[in-house]
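A.B. asks: Before anything else, here's the structure in question.
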Ligand SMILES: Cc1ncc(COP(=O)(O)O)c(C=O)c1O
């Protein structure tokens, strides 16, 4: 009998299960929104990246439906062969205008945009200076490039300088950071990173996946937030979070965009995004350009919820945005907390190692413009109930 060559996978899965680290996937029976239907039950949604509530917005849905009628459902090819429709070019023009960048090029996802941009800009013999908490897609893009990777301590400019100094001499180097860090909700000090990049002649790249639609004027992103237009070479964007659809893009200098049309491998070797997705994204840009109402509501909701959580005694880390990490530390406690939230009708996923460092497990609450004040109050009440029950916060009545 031949040995089972896949037995090791069963062992690994079993081990993850025992450690409480096995990712369980919940299936939704409804569209995205403040509430979701899961297992036939209406749940308060604290998990989605649907920051502005656009994932089920009537204007985006109408644009997608109309695009299907005109353009069909599939792109038919990769962008460089026969997959570029007028719609793709229109979206790229509109995105560049919205972000205040010279040009943009779109990809199938934010992940693909990182995999396209980094290896096209640096390669063997070059160096990448990368924040220690950068997103997995940046890390994978860096690895794929075969450049030397030097991590610097999270948001620590002194440490970054030391790492750079220790790497001199180098010819070509890239400095890359998340703009808004997705697990903690804190911002990169992009103004300081820009100054360092200029001093050492580094290509500067920021991933704005959680910044666009959230920070900057009317959600124009992290570069706009710091007023750094023209000083950041490459911005990575995603259309799957605040924009509510799917897709990714690179915004930046025209030279870089022209280069990525030649050397961005997911652009050259993977089919284009569908016309319906692209039309929905254009409708999202329309909405963002027309009014700041949704972005303002997102921030009002974030501030209200965070204030309520702090007042209740929860540790919500170093968040500066509507991303609210409820820091619990222990992975098993976090799993249990998430399970209890679920039983109480609140969908808030546990995030543990390897997504965050060991001992830093948390429930990450993602707030949205779609939440009503009543939703936030309901969520706060459930968090307080479960927090007291599991000894995370004190029951103030009992203390008296
Ligand atoms: C910082 C960052 N970059 C890129 C991505 C990937 O974006 P997408 O979902 O569009 O592939 C994410 C998504 O979680 C992210 O947080």
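The values are calculated or read from the model by the stated rules, or taken from the named source; none is laboratory data. Every value quoted in this text rests on a predicted model; they were computed, and no experiment measured them. No Cβ is skipped: glycine too gets one built from the backbone with ideal geometry, and neighbour counts run over all protein chains shown.
A.B. asks: If I ask for residues that are touching a residue at least 24 places away in the same chain (Cβ under 8 Å) and farther than 26 Å from residue 303 by Cβ, which ones from the range 319-339 would you list?
C.D. replies: Here is the first cut: in the range 319-339, the ones touching a residue at least 24 places away in the same chain (Cβ under 8 Å) are 319-338.
Answer for the range 319-339, where residues must be touching a residue at least 24 places away in the same chain (Cβ under 8 Å) and farther than 26 Å from residue 303 by Cβ: 330, 331, 332, 333, 335, 336.
A.B. asks: Taking residue 241, is it in contact (Cβ under 8 Å) with a residue 40 or more places away in the chain and under 22 Å from the mean Cα position of the chain (by Cα)?
C.D. replies: Numbers: in contact (Cβ under 8 Å) with a residue 40 or more places away in the chain: yes; under 22 Å from the mean Cα position of the chain (by Cα): yes.
Answer is yes for this residue.
A.B. asks: Go through (1) away from the ligand (no atom under 12 Å from the Cβ); (2) crowded, with 24+ Cβ neighbours inside 10 Å; (3) free of Cβ contacts under 8 Å to residues at least 60 places away in the same chain and name the single condition residue 222 misses.
C.D. replies: Going through (1) away from the ligand (no atom under 12 Å from the Cβ); (2) crowded, with 24+ Cβ neighbours inside 10 Å; (3) free of Cβ contacts under 8 Å to residues at least 60 places away in the same chain one by one, residue 222 breaks only (1).
A.B. asks: Residues in the range 188-208: is at least one in a loop (DSSP other than H, G, I, E, B), within 13 Å of the ligand (Cβ to nearest atom), crowded, with 24+ Cβ neighbours inside 10 Å and on the phi > 0 side of the Ramachandran plot?
C.D. replies: So far as the range 188-208 goes, no, none of its residues is in a loop (DSSP other than H, G, I, E, B), within 13 Å of the ligand (Cβ to nearest atom), crowded, with 24+ Cβ neighbours inside 10 Å and on the phi > 0 side of the Ramachandran plot.
A.B. asks: Within the bounds of the range 215-231, is there any residue that is in contact with a strand residue (DSSP E or B) (Cβ under 6 Å, 6 or more places away or on another chain), modelled with pLDDT of 95 or more, under 22 Å from residue 103 (Cβ atoms) and not in a helix (DSSP H, G or I)?
C.D. replies: no
A.B. asks: Just checking: which of the helices (runs of 4 or more DSSP H) contained wholly in the range 82-152 hold 2 or more residues that are away from the ligand (no atom under 15 Å from the Cβ) and surrounded by fewer than 17 Cβ atoms within 10 Å (Cβ to Cβ)?
C.D. replies: Details: elements: 86-99, 110-121, 136-145.
Those helices (runs of 4 or more DSSP H) span 86-99.
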